[in-house]
């Protein structure tokens with residue numbers, strides 16, 4: 001096997017660089033590693049979120065929890081029709097209405113998105129790190145576990161509960177080296193019809209990316225900044241380092 005002369009660069013990135021050669025082909029270990037990564041990415045997209053286990057873990061940490069689902073009736077429909085994943089099913093709207101919450105500062109929506117793996121592994125540790133960083137005066141709705149959900153579903157959840165801020169913790173589209181990446185999307189004054197320019201995103205939350213403590217600090221600072229500025233998205237001047245430092 002012939003090694004690439006820039007193999008040393010691999011220690012700086014998980015990207016597929018400097019894979020080496022075996023004759024005119026890739027080494028067997030790299031072919032097998034690629035096939036494994038591809039299988040992990042497919043599993044992340046296709047495996048259903050274990051809602052019962054996730055709910056149990058959140059409740060064990062002291063969170064009140066509710067559940068919701070989108071208008072997509074099954075996973076195949078969810079993947080084929082992203083627009084159905086952005087709107088709540090009528091049954092889910094009734095469930096949220098039964099909570100009888102007129103206004104609240106914050107609602108956190110934990111959604112499967114395109115990686116149930118990311119949510120199953122990372123949502124609970126992130127929320128565990130976030131909770132002590134939130135102001136005690138902040139009012140919160142129950143954490144909503146949403147299935148077959150896209151980012152914008154949190155806007156409708158927030159609107160239904162009268163939330164000033166909706167945060168979507170959602171499984172991001174898996175890459176071939178990151179099937180477990182969790183994203184956090186924040187929208188101020190959430191409502192149906194908000195667009196991506198009106199949100200802020202903290203991406204790649206996982207042990208091999210942005211770790212839980214750093215992500216929690218950024219998210220808490222972002223929540224505080226958005227509440228103070230009364231807006232989110234591209235108009236919000238948010239520098240994580242300066243915001244965390246106060």
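No lab work stands behind these numbers, since they all come straight from the coordinates. Small disclaimer: the values here were computed from a predicted structure and weren't measured.
Some notes on this structure:
- DSSP-defined antiparallel bridges as percent of all bridges, segment 51-244, nearest 5: 45
- Comparing mean-square fluctuations of 122, 213, 195 from a GNM of the chain with C-alpha springs under 10 Å, the top value falls on 195.
- Seen against the Cα atoms of the chain and their longest principal axis, helix 51-60 is set at about 70 degrees.
- Remark: relative contact order (segment 139-246) = 21 percent; criterion is Cα-Cα distance under 8 angstrom and separation of 6 or more residues.
- For the options 137, 199, 42, a Gaussian network treatment of the chain with springs between C-alpha atoms closer than 10 Å singles out 137 as fluctuating the most.
- Convex hull (Cα only) mean projected area of the chain, reported in nm² to one decimal: 15.1
- In percent, rounded to a whole number, the relative contact order of segment 41-99 is 29, using alpha-carbon pairs under 8 Å and six or more apart.
- Normalised alpha carbon radius of gyration of segment 1-77 [divisor 2.2 N^0.38 Å]: 1.81
- For the chain, a Gaussian network of Cα nodes joined below 10 Å ranks 81, 206, 55 by mean-square fluctuation, and the top entry is 81.
- Look at where the Cα atoms of segment 84-109 and of segment 147-173 average out, and the two centres are 9 Å apart.
- Segment 123-139 and segment 1-67 have Cα centres spaced 28 Å apart.
- Beta bridges by DSSP in segment 105-198, antiparallel share as percent, to the nearest 5: 40
- Working from Cα pairs under 8 Å separated by at least six residues, relative contact order for segment 51-244 is 22 percent.
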